[in-house]
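To start, the structure itself, in structure tokens.
The values are calculated or read from the model by the stated rules, or taken from the named source; none is laboratory data. Small disclaimer: the values here were computed from a predicted structure and weren't measured. So basically every Cβ, Gly included, is an ideal-geometry build from the backbone, and we count neighbours across all protein chains shown. What goes into the accessible areas is simple: the full protein's heavy atoms, side chains included, and nothing from ligands, DNA or RNA. Shrake-Rupley method; radii C 1.70, N 1.55, O 1.52, S 1.80 Å.
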Amino acid sequence: MTVMEQRGAYRPTPPPAWQPRMDPAPLLPDAEPYRVLGTEAAAKADPDLLRTLYAQLVRGRRYNAQATALTKQGRLAVYPSTTGQEACEVAAAMVLQERDWLFPSYRDTLAVVARGVDPVEALTLLRGDWHTGYDPYEHRVAPLCTPLATQLPHAVGLAHAARLKGDDVVALAMVGDGGTSEGDFHEALNFAAVWQAPVVFLVQNNGFAISVPLAKQTAAPSLAHKAVGYGMPGRLVDGNDAAAVHEVLSDAVRHARAGGGPTLVEAITYRVDAHTNADDATRYRGDAEVETWREHDPIELLERELTGRGLLDEAGKQAARDAAEAMAAELRAHMNQDPALDPMDLFTHVYAEPTPQLREQRDQLRAELAAEAETGPEGDTHR
Amino acid sequence: MTTVAVKPATMAQALTRALRDAMAADPAVHVMGEDVGTLGGVFRVTDGLAKEFGEDRCTDTPLAEAGILGTAVGMAMYGLRPVVEMQFDAFAYPAFEQLISHVARMRNRTRGKMPLPITIRVPYGGGIGGVEHHSDSSEAYYMATPGLHVVTPATVADAYGLLRAAIASDDPVVVLEPKRLYWSKDSWNPEEPAPVEPIGRAVVRRSGRSATLITYGPSVPVCMEAAEAARAEGWDLEVVDLRSLVPFDDETVCASVRRTGRAVVVHESGSFGGPGGEIAARVSERCFHHLEAPVLRVAGFDVPYPPPMLERHHLPGVDRILDAVGRLQWEAES
């Protein structure tokens, strides 16, 4: 008898036939991004919703233009524009109830503003006077998050905690295509699915992570396909079709609120501007590509639909433009004022109670400021 | 008047008791991590909590440290007080981005609007014969991150007190639990645990006149043993147990060094860029004119934590401590 035959006597009973835990088919996204505008589905869309979306898109476009201009004037350290992505930004804010939470990335100031946060406070991080200007609890908007995808597990934890407390709260977390490569993206989706947390993940696939195109970011058929691996539905939507993004996100929020668990939504859109004012987009993409996307502009798509159906006339367009202009003028006026900063704030919010070490350093700065007040900053020979 | 029997208890039991008492006192306290539920933790520190408080309060999570700490951030945002377990020191590293970029600075980022009362339990240090990645002393990383409190108990009573204080804190606290002291026993009365002190006080474990051993966590018993052995050399050593690395108790440490005039910092963590450098600098800055000798460090070597069969050569032991004490220029006295 060979050794193998002898061992055969100790072979454990074979495992039962493997069964998948669930049928993945219903989780898979459709082959084509979902569209409403220019299709038969548009006829069913609520005209009032479409008009509201239009006004918000026009306002958002103006906001992007104004913030970009403020960067050129040195009023903002940096501004990552969402020109071309306004439909995603606006819809993300609009589908949430007051009690729900929004978890934005650094690019999503427009969503934060659309949620109701004061535009000046939404830009505080980018202006450089503090890290977060607004009170996160006032509008239930988490701080703008600069590290990629790290806000996604926060959204999962918050939604999970709300459900444990019996509250009917949904969290919507935003991330870019580059962010889907980060480990925190994976961990957040996995936790959300295991816990069946009421979360909606919105991936704005705008084509580039700074300069790296999607093809070098992932080999997945689509980013929405990643959902099935976690056991949650993936939806693919035309991110420039405001009506479609609104509908898909609304469905996902409703599904989460009803206890159905998380959804991953991939909105296919395009970043028309460069990554920030520090970026030269001509190094990694051609004008022709940008032009193609300009023809698929979210505002024009919606305008065509509304005017074609007689829901928007020249007066309506003008009203939207006027409202946007008023917002821009107010933003400009506020941003042109110099922020008043208190250097002692450096120590105020590190701990609930400053450590003895911080108290010493606080006293040092206070003494430096007192000396500076006496002699003036020009008295400091080390500047 | 009834007297409650004071029985020996292990540090692990005191930690379990602290978690249980905190959970019973405040429904916002949630324990979470890999294996903390059904198994009760690989060191059994969370034993029985899932049974007593339910799996929603003591939750087995997916195996993902960034996810554990990242979701805890969101839970804390919504008013819970998560207590997360990192299972082993080196397993915490995947969570460092969450720790450093969010946990430590969310209060600061939001100008005090969004404090995060999260307790991060990290079993740390060597001496248990663990294989690679199971014995790191990572306290320097935590100490170098503003916004975190860092505490480490050396006694059964402190294990209870510091963990309760950490959970009660409105700021994130890293609780470094010395693995090799989990089974150390002390007379401890679980029915009347000592009042929980605020974080940030060191304690003199042993009074002496010749020199001060400044230490914490797993090195405290080693220093106590060294102090006993030093009597044979005619040295009367004082032992200061820091208990809290952040905030640092300059007052207690410096009062001791001013009395003795000599100091040795002892810890398992590496010497270069380690906690001892910071402590020695603080002592030198504050007590220079009281010092009879430079502040010395007895630390682990500056090597990745060695395999178990070599760890005894790496860990600061009694002899290495006594050698350092001997180098404190005693001839100056004669």
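Per atom type, the protein assembly as shown shows carbon and sulfur on 52% of its accessible surface, probed at 1.4 Å. Residues of segment A:140-159 buried by at least 20 Å² of accessible area upon assembly of all protein chains, compared with the chain on its own (1.4 Å probe): A:Pro143, A:Pro147, A:Thr150, A:Pro153, A:His154, A:Gly157, A:Leu158. The modelled label-to-label distance for the pair A:Glu295/A:Ala25, using points 7 Å beyond Cα in the direction of Cβ, is 3.8 nm.
Taken per residue, the accessible surface of segment B:1-126 reaches 34 Å², heavy atoms only and a 1.4 Å probe. For the protein assembly as shown, pairs of C-alpha atoms spaced more than 52 angstrom apart make up 23 percent of the total.
The heavy atoms of A:Lys165 offer some 100 square angstrom of accessible surface to a 1.4 angstrom probe.
On full extension, the segment bounded by B:Asp186 and B:Ser101 gains 26.8 nm, given 0.36 nm per residue less the C-alpha separation. Checking every one of the chymotrypsin sites (Phe, Trp or Tyr not before Pro) in segment B:110-170 against DSSP loop status and a limit of 15 other Cβ atoms within 10 Å picks out no site at all.
Cross-link partners for A:Lys226 among the lysines, with Cα-Cα distance under 21 Å and sequence neighbours closer than 8 places in the same chain left out: A:Lys216. Residue ranking by accessible heavy-atom surface, 1.4 Å probe, largest first, among B:His149, A:His334 comes out as A:His334, B:His149. The lysine pair count for chain B, using Cα distances under 26 Å and pairs eight or more places apart or on different chains, is 5.
A Förster distance of 41 Å, applied to the separation of the beta-carbon atoms of A:Thr282 and A:Ala326, puts the FRET efficiency at 0.75. Using R0 = 25 Å, the C-beta based FRET efficiency linking B:Asp236 and B:Arg320 works out to 0.80.
By a 1.4 Å probe calculation restricted to protein chains, B:Tyr182 has an accessible surface near 0 Å², given to the nearest 10.
Calculated on C-alpha atoms, the gyration radius of segment A:273-324 divided by its Kirkwood radius gives an Rg/Rh of 1.16.
The orientation-averaged projection of the convex hull spanning the C-alpha atoms of segment A:254-362 amounts to 15.2 square nanometres. GNM remark for chain B: springs join alpha carbons under 10 Å apart, and the peak mean-square fluctuation among B:Glu97, B:Glu65, B:Glu268 falls on B:Glu97. Screening chain A for DSSP H helices whose Cα atoms reach 27 Å or more along their own axis and whose mean Kyte hydropathy is at least -0.5 gives A:47-72, A:314-335. Note on chain B: Cα convex hull, mean projected area over all directions, 18.2 nm². Rolling a 1.4 Å probe across the protein heavy atoms gives chain A an accessible surface of 47 Å² per residue. Buried area at the B:A interface is about 3700 square angstrom, summed over both chains, from accessible surfaces computed with a 1.4 angstrom probe. Residues A:Ile210, A:Ile299, sorted by accessible area with the largest first, give A:Ile210, A:Ile299 [1.4 Å probe; ligands and nucleic acids excluded]. The distance between label points at B:Arg327 and B:Asp56 comes to 5.8 nm (points 7 Å beyond Cα on the Cα→Cβ vector). Between B:Asp35 and B:Arg206, the distance separating the two model label sites (each 7 Å from Cα on the Cα→Cβ line) works out to 3.4 nm. What is the list of residues in segment A:279-304 whose amide nitrogen lies under 19 Å from a point 7 angstrom out from the Cα of A:Ala65, following Cα to Cβ? Label zone hits: A:291, A:293-304.
Test of the criteria: in segment A:235-304, which chymotrypsin sites (Phe, Trp or Tyr not before Pro) are in a DSSP loop and have at most 11 other Cβ atoms within 10 angstrom of their Cβ? Counting only loop positions with at most 11 other Cβ atoms within 10 Å, none of the chymotrypsin sites (Phe, Trp or Tyr not before Pro) in segment A:235-304 qualifies.
If R0 equals 25 Å, the separation of the Cβ atoms of B:Glu132 and B:Asp170 corresponds to a calculated FRET efficiency of about 0.10. Residues B:Trp183, A:Trp195, sorted by accessible area with the largest first, give B:Trp183, A:Trp195 [1.4 Å probe; ligands and nucleic acids excluded].
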